[in-house]
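S.K.: If you scroll down you'll find the structure; I have some questions about it.
The values are calculated or read from the model by the stated rules, or taken from the named source; none is laboratory data. None of the values given here were measured: they were computed from a predicted structure. Don't worry about glycine lacking a Cβ; one is built from the backbone with ideal geometry, like all the others, and counts go over all protein chains shown. Ligands, DNA and RNA are stripped out before the accessible areas are found, and what is left, the full protein with its side chains, is counted by its heavy atoms. Shrake-Rupley method; radii C 1.70, N 1.55, O 1.52, S 1.80 Å.
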Amino acid sequence: MSCKRKTPFDRKVCKIFKPDKNCTFISFAKELIDQTVFPYYPPDLADFISLGDENQDTDSHHFTSDQSKVQSDDVEGLLIDDHETQESEGEKADLHKYLVGCEKNPVCPKDKTDLADLYSYGDENQDTDPHHFTSDQSKVHSDEVKGQLIGDHETQESEGGEADLHKYLVGCKKNPGHSQFIPVDTFTLKHLPKGLQVKDLYEHIKVTADLTVRVSVTMSSPDRPKFWPKTTRPYPFSNMSERRNFWTGSGRVRYVNKFQDGVRQDGGFGRTDYTKCWCRKCEGSNSPSNVWWEFQVYTATHVVFDDIEANHTTLRLFYDRDNSPMVSVNKVSVTCVNIEDDWCWLNCVTCDETLGNKLMGMWKHYENVRGKVWNKYLASRSSHKLTFIVSHPHGCSKQVSVGQWKDRPEVGGSSKFTYTTCTCPGSSGAQVHCLGYKDWAWSDHVHGGSFKSGLNYCAVAYFL
């Protein structure tokens, strides 16, 4: 069920991103473009951002004007050119010869991916050192090879709640000792591979860490589906007899805005239908604040499924060390979700001036550094394949992990990555940064789970 929008632009946005609920998708997309969030657009995005023509071509396989030119042998009637049956003088024996010698679509070895290995079983003894990348690490066994690539989700469940999280950290079987995770407060340039020990990249990772949050949920929605869409794989937390539980994942803050009396104050346009803060403290107050900050958190849908769960969700911010002071936000709502692509967009609020201004500063710094890094590594992204993740493994303090992406399988016109970058339960929903790839304003790659081979994968997203 998709949302109902008033403008042509919003309808196109929702057609592409296919929200599963009646989302409260805000019409700020044009504003983001005007503020040059995108340095440039892919070839077919020029039509996407054109607002004037209701009848323009919105086909995801849109062809440019050059591609639409064709010499027809009967220009006034049917378009007829060369048939495409395969003739073979040697019958079946020679068919492979025509495949190899094809002139219309020659195969270029450098364009081949590791997808041949994508559905093979991984080497049980493969080297998973994030700084030692081997060909064996590209092998992965998909648990749903004919549809979505779905393995095991990586939320951290805890029967004893917050108090037991450290127990799961110590008893971890996936990454005993967690030697491939780097505590965020001890991360340095030397933790990056040689040739990539650059200040801008280091700053990008550090500010990403600043904006990374732990997501904890204490209620499972009765509306969770029994299976992942189009598969027979059980959907996380769908069969819980006791709906109250505790699990954690990760997420990242983005788009921080200040409001006063419902009017945006940070130089942007727009206003809200409400004029007072809606945080939990102000909800129960006779004098709610007229100044507040709203921000989004991007995570996975299997971490926070809907508003039922969002109402029982707490975000812990700046959890960089075991003894970090408790800073949390517990007023969260769902803006958009996509169950099949597994992304969730949360809207959060605070009227704490110190927290609001701190997040705004971090977000502006992130946008500045991200642009520099993307431009610098765009051309080399397929050679180094560097991938980093900042997450909260086992619901504990923030950690950085560095590795490589291995494959980029297409999923319905979009894509997802598989990668060696280390993750654990509690990493679900963390943003996956593939160096040189830029996320759209509406869509990030978030960590989705892990395959039996040990290789990890992200949710579906749209990248430049």
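S.K.: Compute the accessible area per residue over region 152-296, keeping the other protein chains in place, probe 1.4 Å, unit Å².
M.R.: About 51 Å² of surface per residue is accessible.
S.K.: Taking a probe of 1.4 angstrom, what is the accessible area of K206 in Å², to the nearest 10?
M.R.: Taking all protein chains as shown, K206 has close to 50 Å².
S.K.: Once the whole set of protein chains is in place, how much accessible area is left on M240, using a 1.4 Å probe, in Å² to the nearest 10?
M.R.: 30 Å²
S.K.: What distance in nm separates the simple spin-label points at K190 and K364, each placed 7 Å from Cα in the Cβ direction?
M.R.: In this crude spin-label approximation the distance works out to 3.5 nm.
S.K.: Additional query: Ignoring everything but the protein chains, give the 1.4 Å probe accessible area of R316 in square angstrom, nearest 10.
M.R.: Estimated to the nearest 10 Å², R316 gives 20 Å².
S.K.: Starting from the 7 Å offset along Cα-to-Cβ, what nm value, one decimal, do you get for the label separation of K167 and S287?
M.R.: 4.6 nm
S.K.: Projected area of region 257-403, taken from the Cα convex hull and averaged over every viewing direction, in nm²?
M.R.: That works out to 11.3 nm², a quarter of the Cα hull's surface.
S.K.: Take the Cβ-Cβ distance between N323 and Y274 as r, set R0 to 60 Å, and report the resulting FRET efficiency rounded to the nearest 0.05.
M.R.: Using R0 = 60 Å, I get an efficiency of 0.95.
S.K.: What FRET efficiency do you get for N330 and V263 if R0 is 22 Å and r is their Cβ-Cβ distance, rounded to the nearest 0.05?
M.R.: Between N330 and V263 the formula returns 0.30.
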